[in-house]
Amino acid sequence: MENELIGAASIQIRPYRPADRPSVRRICADTGFLGSPIDPVFEDRELFADYLTDYYLNREPDATLVCEVDGIVAGYLLGCRRPFHNSVYQALANVAIAGKALYRCIRRPYGRASRGFLRWILTRARREVPAAPRLTPHFHLNLLPRARSIRGTRALIQAFLAFLHREGHESVYGQMVTFGTRRHNRLFERFGFQVAERREITKYRGLHSERVYLSTIIRDLRSGARLVSAHRVVQLEKTGRYLTTQTANGAQ
């Protein structure tokens, strides 16, 4: 679909294929803790990937993109064009996942950190996740370190926005994690997104030295899907900042 040269590496953005599933699930777990492996937060990588990827890979694989670096999958964008179907699927799937988590928590059992993560999901996650527009397409992306760049991220988001625009969608949202000086809201706005709401995610207290926030960002597609110019991307890349989106439940 789209190719970029980042330094000496060749980055290609292309549609998801069923053979990419293991790579997408592995990247999901390897980036689940603020861009690092989820293991210190939640030890069950399989269940974590089920929770965050199953709907997109099972129900809307046509809205999923992957990012290859030198021919190897190093990132993904999971998109949702059918938000009502997503909400129904997740409501049912969450019951099944909760049952698995309870069973495994008793049988394994899970360690203290994993139990704390599950407790946060059950008792606080819904209150801490910022509001998102109803019945609006959304996306969720993650990249391994070797694929993290403004240009690579821009190419991935641009391809998805163009896809939505062609299909007649008028808006899209994502939810972004920020902490410290990393990825300020101004950077999102330079990509044409508006920050709707921002809340602290308390599950990272004690695990990270800085407060961690989740922001809902919205992009109007009625005037087009184009992101910032290539020249502006070069300027942003010099700052060393990049984007990573999260799912609507803020689990990452």
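Derivation of every value follows stated rules applied to the coordinates shown; laboratory data play no part. Since the structure is predicted, the reported quantities are computational estimates derived from the model, not experimental observations. FYI the Cβ positions are ideal-geometry reconstructions off the backbone, even for glycines, and counts take in every protein chain you see.
Using θ = phi - 60° in the Karplus curve 6.51 cos²θ - 1.76 cosθ + 1.60, the 3J(HN,Hα) couplings for the range 205-218 round to 5, x, 10, 9, 6, 10, 5, 10, 10, 10, 10, 8, 10, 10 Hz; x is entered for Gly and Pro.
Would you work out the charge dipole size for the range 46-130 about its Cα centre, treating the Cβ of every Lys and Arg as +1 and the Cβ of every Asp and Glu as -1, and quote it to the nearest 20 debye? Please report the intermediate quantities before stating the final value.
Working: 13 positive and 8 negative charges, 163 e Å.
Around 780 debye, computed over the range 46-130.
Which peptide among 64-76, 12-24, 35-47 comes first, and what is the full order, when sorted by highest mean count of other Cβ atoms within 10 Å? Mind showing how you got there, number by number?
Working: 64-76: 20.3, 12-24: 15.8, 35-47: 17.3.
Ranking the peptides 64-76, 12-24, 35-47 by packing returns 64-76, 35-47, 12-24.
If I take every Cα pair under 8 Å that is 6 or more residues apart in the range 2-246, average their sequence separation and divide by the length, what percent do I get for the relative contact order? Present the calculation step by step, with values, prior to reporting the outcome.
Values: 403 pairs, mean separation 51.5, N = 245.
Once normalised by length, the contact order is 21 percent.
Taking a ≥ b ≥ c as the square roots of the eigenvalues of the Cα gyration tensor, the range 6-53 is classed as oblate, since a/c reaches at least 1.5 and a/b does not exceed b/c.
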